[in-house]
């Protein structure tokens with residue numbers, strides 16, 4: 001979550017990996033478009049297409065504006081304007097093979113080249129043929145809703161983007177530390193590759209280590225382009241593990257795909273995309289599907305933040321029971337998020353409990369809902385500090401959420417009998433509760449939504 005802004009958190013920023021994504025045929029564009037060809041000076045001639053239109057009626061959340069790219073083009077720039085102070089449109093781009101990026105509500109132009117691209121967008125071949133601008137109807141107040149697109153097609157002599165030598169295919173960093181213990185991390189952190197965020201991976205790493213973390217999960221909105229820069233950053237920060245991820249952001253709910261490295265279609269209800277297929281696609285990658293801030297209803301401040309999808313419990317690997325550590329978050333959202341998680345557990349799906357800061361500014365945010373990296377901190381018991389081991393710990397439910405950060409009280413439940421892997425089974429089970437750094441506080445044990453006894457004071 002972020003403070004109110006022109007760009008709603010989660011409503012964009014969907015770039016993916018360079019791997020093209022197959023799509024179905026075009027949707028009919030219910031648009032009135034005017035296309036013009038503009039030429040600059042002969043020495044610097046470039047093709048500029050101006051596409052004006054009206055947002056089509058209907059329930060579908062996204063629509064498409066096609067344009068043609070001839071041979072010989074090496075860079076495409078797309079400037080967009082929703083022409084309204086009240087309406088909010090999201091923006092992305094597809095080439096003839098599929099997905100090439102998603103800037104969401106970000107007002108910046110999208111620039112796509114062969115080996116470089118602007119943030120949230122995917123470099124790769126500029127294939128001649130029909131490309132599409134993808135437009136999401138995030139918020140429509142003024143009718144008719146209008147938009148304007150300005151598409152600039154450039155040859156090699158006209159390309160504008162600087163080189164990006166640090167950009168490279170992601171490689172798993174392997175094991176950073178050995179030994180079975182609880183490793184401290186933040187499962188919800190945004191980088192520069194989210195259009196509503198600003199920090200570099202270096203800035204994130206610096207804050208994370210200062211706050212006692214061992215790992216962070218980078219969860220940009222519908223984009224994996226941070227992966228292109230992760231090897232470079234990981235080499236400079238060998239004591240902090242960058243875990244791949246994405247915040248799968250829809251207009252009816254957000255979820256973190258922890259460990260995901262490939263783009264999955266977030267446009268639920270459009271061209272056959274479903275929430276079930278998305279969760280399955282992430283699982284096929286070996287990623288975990290975790291529901292984010294399920295009870296967070298902030299209206300236009302965070303469009304789609306509360307969970308409204310219907311999804312089988314078995315597809316849910318974890319629930320973010322705490323988002324941020326502000327007093328507002330704790331009082332308004334923690335109780336309902338706990339009930340959401342507990343209901344899933346009571347139905348027989350033992351999803352892990354996670355916490356994440358949802359930090360967008362590397363600890364520099366000062367709004368009422370801002371929370372720095374590591375607040376809360378999630379402890380994961382793992383055999384080593386590696387991506388695979390952290391995911392295995394979460395998959396087994398070996399997590400503890402320390403709401404105020406790594407220095408907050410630590411609570412560990414253990415049992416001698418009834419253990420099957422990491423699940424306690426049996427009609428009668430004796431649990432041992434260990435609390436550290438909790439003097440002066442109280443703890444409660446809750447099962448199936450009910451308190452087991454009275455709160456206990458910690459000496």
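Just a few scattered comments:
- Bridge orientation summary for the range 177-408: considering DSSP beta bridges with both residues in this region, about 60 percent are antiparallel.
- A simple spin-label model places the labels of residue 232 and residue 115 1.3 nm from each other, with each point 7 Å out along Cα-to-Cβ.
- Shown for 306, 331, 337: other C-beta atoms within 10 Å of each C-beta, ranked fewest to most, produce the order 331, 306, 337.
- Calculated Cα extents along the principal axes in Å (choose from (1) 80, 46, 39; (2) 66, 56, 45; (3) 78, 62, 44), label: (1)
- At R0 = 35 Å, FRET efficiency that the Cβ-Cβ distance of residue 167 and residue 141 yields, to 0.05: 0.35
- The distance separating the Cα centre of the range 188-226 from that of the range 379-393 comes to 19 Å.
- DSSP beta bridges in the range 150-295 [antiparallel fraction, %, rounded to 5]: 60
- Helix 275-284 axis versus longest C-alpha principal axis of the chain: approximately 70°, rounded to the nearest ten.
- Sequence-separation-based contact order of the chain, relative, with Cα cut under 8 Å and 6+ spacing, percent: 15
- Note on residue 57/residue 155: beta-carbon distance plugged into 1/(1 + (r/R0)^6) with R0 of 51 Å gives a FRET efficiency of 0.85.
- Helix 227-236 axis, angle to the chain major axis (alpha carbon atoms, nearest 10°): 60
- Beta bridges per DSSP with both ends in the chain, % antiparallel, nearest 5: 85
- Averaging the sequence gap over all C-alpha pairs within less than 8 Å and six or more residues apart, then dividing by the number of residues, gives the range 244-294 a relative contact order of 40 percent.
- Relative packing of 244-250, 231-237, which averages over residues the other C-beta atoms within 10 Å, highest first: 244-250, 231-237
- Residue exposure proxy: 182, 333, ordered by other Cβ atoms within 10 angstrom of their Cβ from fewest to most, comes out as 182, 333.
- Only Cα pairs under 8 Å and 6+ residues apart enter the sum, and on that basis the relative contact order of the range 175-333 stands at 17 percent.
- Between helix 334-346 and the chain there is an angle of about 80 degrees, using the helix long axis and the longest principal axis of the Cα atoms.
The numbers here are math on the coordinates, done by the rules we state, and not lab data. As the structure is a computational prediction, the values presented were derived from the model and not from experiment. Note: ideal-geometry Cβ built from the backbone for every residue, glycine included; neighbour counts use all protein chains shown.
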